[in-house]
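The block underneath contains the structure these notes are about, expressed in structure tokens.
The values are calculated or read from the model by the stated rules, or taken from the named source; none is laboratory data. Remember, predicted model here, so these are calculated numbers, not experimental data. As a convention, Cβ positions derive from the backbone with ideal geometry for all residues, glycine included, and neighbour counts pool all protein chains shown.
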Amino acid sequence: AQSVTQPDIHITVSEGASLELRCNYSYGATPYLFWYVQSPGQGLQLLLKYFSGDTLVQGIKGFEAEFKRSQSSFNLRKPSVHWSDAAEYFCAVGILRDDKIIFGKGTRLHILP
Amino acid sequence: DGGITQSPKYLFRKEGQNVTLSCEQNLNHDAMYWYRQDPGQGLRLIYYSQIVNDFQKGDIAEGYSVSREKKESFPLTVTSAQKNPTAFYLCASSGSGRVLGQYFGPGTRLTVT
């Protein structure tokens, strides 16, 4: 069965430090991959997506993610976080033939001043 | 501006009452979706509609009902049969299938006491 795992429920980093949020998926074929961000009490905003091609994907707000097929991973990175990056981040896998999206349970990012 | 609106932002109801959550979009999207979000659970699909006057159950449809009489509108009714209705509800829409692009509304927080 298809699934998405975000191993870290909470992550705390200092402002200005680098960030990596982990995402692993289980799916037999090459999936469509997404990262969304959600500020408290708000809807989800798409940060970036991977469909095919270059495995390093650039997104909005200075985020990037790298698709690694051998590790079934799609980790999100940012070289220097800002206090405004504090939010919850969701990784998602899209199954095109079923028009289905499976969301991970999210990672809440806390920023220390 | 194009987008998705959900109203109200906060909703309070007594147990045993039905309640309807509004979702409107002016993106001219064919498909609309309702998700439920609980802490630590990610997003779970309740219902979706790919065209006017047609809709399908998602993963957790029990205790919910929807209608799609207009392309722009996809209201969700939380019935008294829903055993644990307190949650954050998100509406989304897409023009070409969820996997290729999905836009989210700001959400409605429903509290039932």
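Here A:VAL81 meets the list (1) surrounded by fewer than 17 Cβ atoms within 10 Å (Cβ to Cβ); (2) touching a residue at least 12 places away in the same chain (Cβ under 8 Å); (3) among the aliphatic types (A, V, I, L, M) almost entirely, failing just condition (1). Of the residues that sit in region A:1-24 and are closer than 22 Å to B:ARG36 by Cβ and surrounded by 12 or more Cβ atoms within 10 Å (Cβ to Cβ), which one is nearest to the chain's Cα centre (by Cα)? Out of the qualifying residues, it is A:CYS23.
Tell me, yes or no, whether region A:80-91 has at least one residue that is touching a strand residue (DSSP E or B) at 6+ places or on another chain (Cβ under 6 Å), acidic (Asp, Glu), assigned to a strand (DSSP E or B) and within 12 Å of chain B (Cβ to nearest Cβ). Scanning region A:80-91, I find at least one residue that is touching a strand residue (DSSP E or B) at 6+ places or on another chain (Cβ under 6 Å), acidic (Asp, Glu), assigned to a strand (DSSP E or B) and within 12 Å of chain B (Cβ to nearest Cβ), so the answer is yes.
Here A:SER52 clears all of (1) surrounded by 15 or more Cβ atoms within 10 Å (Cβ to Cβ); (2) within 14 Å of chain B (Cβ to nearest Cβ); (3) without any contact (Cβ under 8 Å) to a residue 24 or more places away in the chain except the condition numbered (1). Residues that are of a type in the set (Lys, Arg) and within 12 Å of chain A (Cβ to nearest Cβ) do not occur anywhere in region B:64-71.
For the subset of region B:72-91 comprising residues that are farther than 30 Å from A:TYR32 by Cβ and among the polar types (S, T, N, Q), which member is farthest from the other protein chains (Cβ to nearest Cβ)? Of everything passing the filter in region B:72-91, B:SER80 is farthest from the other protein chains (Cβ to nearest Cβ). Among the residues making up region A:92-113, those that are part of a loop (DSSP other than H, G, I, E, B), surrounded by fewer than 21 Cβ atoms within 10 Å (Cβ to Cβ) and in contact (Cβ under 8 Å) with a residue 40 or more places away in the chain are A:LYS105, A:PRO113. Looking at region A:2-24, is at least one residue in a helix (DSSP H, G or I) and away from chain B (no Cβ under 11 Å)? No; the residues of region A:2-24 include none that is in a helix (DSSP H, G or I) and away from chain B (no Cβ under 11 Å).
Conditions (1) in contact (Cβ under 8 Å) with a residue 60 or more places away in the chain; (2) over 20 Å from A:LYS100 (Cβ atoms), marked per residue:
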| site | (1), (2) |
| --- | --- |
| A:PRO7 | no, yes |
| A:GLU15 | yes, yes |
| A:GLY28 | no, no |
| A:GLY41 | no, yes |
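Taking B:SER94 as the residue in question, decide whether it is more than 10 Å from chain A (Cβ to nearest Cβ) and either surrounded by 15 or more Cβ atoms within 10 Å (Cβ to Cβ) or not aliphatic (A, V, I, L, M) (or both). Answer is no for this residue.
Candidates are the residues of region B:1-20 that are of a type in the set (S, T, N, Q), closer than 29 Å to B:GLY101 by Cα and in contact (Cβ under 8 Å) with a residue 60 or more places away in the chain; the one that is nearest to the other protein chains (Cβ to nearest Cβ) is B:GLN6. Scanning region B:17-50 for residues that are surrounded by fewer than 18 Cβ atoms within 10 Å (Cβ to Cβ) and modelled with pLDDT of 90 or more gives B:GLN17, B:ASN18, B:THR20, B:SER22, B:ASN26, B:LEU27, B:ASN28, B:ASP30, B:ASP38, B:ARG44, B:GLN50. The set of residues in region B:26-47 being out of contact with any Gly (no Cβ under 6 Å at 6 or more places or on another chain) and under 16 Å from B:GLN6 (Cβ atoms) consists of B:MET32, B:TYR33, B:TRP34, B:TYR35, B:ARG36, B:GLN37, B:LEU43.
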